[in-house]
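Student: Following this message is one structure expressed as structure tokens.
Please treat every number below as a calculation from the coordinates, not as lab data. Keep in mind it's a predicted model, so treat the numbers as computed, not measured. Note: ideal-geometry Cβ built from the backbone for every residue, glycine included; neighbour counts use all protein chains shown.
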Amino acid sequence: MKIFLSILVCIGILISTNACSFEIKKYEEKGFNAEIYAGSLVVLVFKSEKCQICDGKINSIYQLLKIPRYKEMKVFSINFDYEKSIVKKFDVINPGTIILMKGNTEVFRSSDAQTQKVLEFEVARALN
């Protein structure tokens with residue numbers, strides 16, 4: 001289901017922008033560690049399948065990834081309901097939580113509803 005939705009989003013983006021050069025990856029320890037050690041800005045999105053706040057945050061992140069300055073962000077999606085070991089590792093208590101990491105340092109965390117402008121502000125701050 002997640003793959004199907006990702007494909008639909010990319011098709012929509014392809015139609016509207018003629019490019020789909022970014023992705024939200026499923027969390028995997030090896031890929032996550034590689035990005036952290038490379039110093040990338042990493043975004044972790046803890047989402048639940050029926051969470052409208054989560055869907056809004058994912059949409060905001062997709063919109064940010066369209067902006068050239070932010071296209072290098074590495075975004076990982078974690079299913080809050082099923083990936084309990086990862087949820088516990090990052091001490092997340094609510095679906096809809098977003099964590100921004102720069103290297104091994106957590107630079108922002110929120111489980112509140114965030115507008116795209118707030119997320120963009122926090123991402124810009126993390127990049128500086």
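Student: Treating only the Cβ atoms of Lys and Arg (+1) and Asp and Glu (-1) as charged, compute the dipole magnitude of segment 21-127 about its Cα centre; round to the nearest 20 debye.
Tutor: Working: 17 positive and 14 negative charges, 32 e Å.
Once rounded to the nearest 20, the dipole reads 160 debye.
Student: Can you sort 37, 62 so the residue with the fewest Cβ neighbours within 10 Å comes first?
Tutor: Sorted ascending by nearby Cβ count, the order is 37, 62.
Student: Mind sorting 112, 81 by how few other Cβ atoms lie within 10 Å of their own Cβ, fewest first?
Tutor: 112, 81
Student: Lys and Arg at +1, Asp and Glu at -1: add these up for the other residues within a Cβ distance under 12 Å of residue 87 and post the number. The partial results should precede the final answer.
Tutor: Numbers: positive: 47, 84, 88, 89; negative: 81, 83, 91.
Surrounding charge for residue 87 is +1.
Student: May I ask you to sort 107, 75, 43 by Cβ crowding, counting other Cβ atoms within 10 Å and putting the fewest first?
Tutor: Fewest-to-most ranking of 107, 75, 43: 107, 75, 43.
Student: Right, something else. Which of the residue pairs 25/66; 88/117; 66/102 have a Cα-Cα distance greater than 24 Å in the structure shown?
Tutor: Exceeds cut-off: 88/117.
Student: Report the gain in length on full extension from residue 34 to residue 118: 0.36 nm times residue separation, minus Cα-Cα distance, nm rounded to one decimal.
Tutor: 27.5 nm
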